[in-house]
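The values are calculated or read from the model by the stated rules, or taken from the named source; none is laboratory data. Just so it is clear, the model here is predicted, and its values are computed rather than measured. Quick reminder, even Gly has a Cβ in these numbers, built from the backbone with ideal geometry, and neighbours come from all protein chains shown. Side chains included, ligands, DNA and RNA excluded: accessible areas come from the protein's heavy atoms. Shrake-Rupley method; radii C 1.70, N 1.55, O 1.52, S 1.80 Å.
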Amino acid sequence: VAQVPILTTVLVIGAGTMGRGIAQVAAAAGLTTILHDAAPGQVDRALELVARDLQKGVTLGKLTAAEREDILGRLRPAGSLSEAVPLAEVVIEAIVEDMAAKTALFAELDSLAPPEALLATNTSALSITEIAAATDRPGTVLGLHFFNPAPRMALVEVVRGLETTDDTVNRALELVVALGKRGVTVNEFPGFAVSRINAMIGNEAFYMLMEGVASARDIDTALTLGLNHPMGPFELGDMVGWDIRLKVLEHLHATLGEKFRPCPLLRKYVAAGRLGRKVGRGVYDYRDEDRRGRKDAS
Ligand SMILES: NC(=O)c1ccc[n+]([C@@H]2O[C@H](COP(=O)([O-])OP(=O)(O)OC[C@H]3O[C@@H](n4cnc5c(N)ncnc54)[C@H](O)[C@@H]3O)[C@@H](O)[C@H]2O)c1
């Protein structure tokens, strides 16, 4: 195992849902954390949301007001990429899920980052290998796939592209531990580990509903109480959004084959606009949740 340098500075690029969560995790772990976003005002908004989230932690007694101040003190907005990238031992990219945007950014990182810096992408589904090929140092490029919300989810998938070196993977695994998370190593393949299995469970649950095996509520109860899943596949899909689920399944069907063919009933829900909590109705009905509690949609 290669000698792991003691890390001090992380640069997170993209201050949206994932970027701000990852930045919060890094700052809470004691690292100087620089945050950058292309959209004006976005870093300030992200820092405000982090401050608010940490305040909740103080209210709940999970950290002290002084610890909150320390964490916020370690979070810095980046002036420009040309100033920030040369300072970073680790860069974690969490910008829009778009290959052209990511390859353009990694080409720029290649020209600015210290030679030994880890260059990580938080992509959900794009090819690490293709992103790495935009640089002249694909050996130090990898995926660090955090889960939402990053401060509360314990897992990080450490994803290796074709050229990612063992040294890079080992340093990344050390980093994940330093961030207070658990890492698993996954070779780049569609869906990595978690999304692939999760897509399969959600799709199979829909096939069971379609075949009349059991009600949605009973399938959810079966998985929560019978397998100790924290929530059932329908509850989870309603939270994530079935349109997003369908996209993932279509991608896995195209790349991995027949076993991921999206269930026709799932397609029907998406066609009907029953996308989940975000529209008030998915497999379950949330429209009158405040008044009467959740009930099965008819
Ligand atoms: N949301 C999730 O549950 C989740 C989970 C795991 C991984 N991901 C992945 O993480 C990445 C970010 O997702 P998100 O949900 O945080 O998105 P988001 O839309 O909330 O945030 C993206 C941010 O990136 C900024 N941005 C876009 N292009 C940029 C550029 N070229 N340079 C700098 N900043 C730029 C945007 O202004 C925005 O603030 C995506 O690749 C996504 O697939 C998302």
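Go through the residues of the stretch 200-220 one by one and say whether even a single one is within 23 Å of the chain's Cα centre (by Cα) and over 17 Å from K268 (Cβ atoms). Yes, the stretch 200-220 has at least one match.
Evaluation of A88 against the conditions (1) touching a residue at least 60 places away in the same chain (Cβ under 8 Å); (2) open to solvent by 10 Å² or more (accessible area, probe 1.4 Å); (3) within 16 Å of the ligand (Cβ to nearest atom); (4) within 20 Å of V176 (Cα to Cα) shows that the sole unmet condition is (2). Contact annotation: residue pairs with Cβ atoms under 8 Å, 6 or more positions apart or on different chains, pairing a residue in the stretch 167-186 that is closer than 16 Å to E89 by Cβ and aliphatic (A, V, I, L, M) with a partner that is buried (at least 17 other Cβ atoms within 10 Å of the Cβ) and modelled with pLDDT under 95, are L175/L7; A178/L7. Whether a residue is modelled with pLDDT of 95 or more, open to solvent by 50 Å² or more (accessible area, probe 1.4 Å) and acidic (D, E) was assessed, and E93 does not pass this test. Taking the stated definitions as given, is R291 at pLDDT below 95, open to solvent by 50 Å² or more (accessible area, probe 1.4 Å) and in a loop (DSSP other than H, G, I, E, B)? No; evaluated as a whole, the condition is false for this residue. From the list L54, L31, the one residue that fits, being more than 15 Å from the ligand (Cβ to nearest atom) and touching a residue at least 60 places away in the same chain (Cβ under 8 Å), is L31. Scanning the stretch 112-141 for residues that are modelled with pLDDT of 95 or more, in a loop (DSSP other than H, G, I, E, B), within 23 Å of the chain's Cα centre (by Cα) and among the aliphatic types (A, V, I, L, M) turns up A117, A133, A134. Put simply, of T64, T140, T59 the only residue that is within 25 Å of V184 (Cα to Cα), hydroxyl-bearing (S, T, Y), more than 14 Å from the ligand (Cβ to nearest atom) and open to solvent by 10 Å² or more (accessible area, probe 1.4 Å) is T140.
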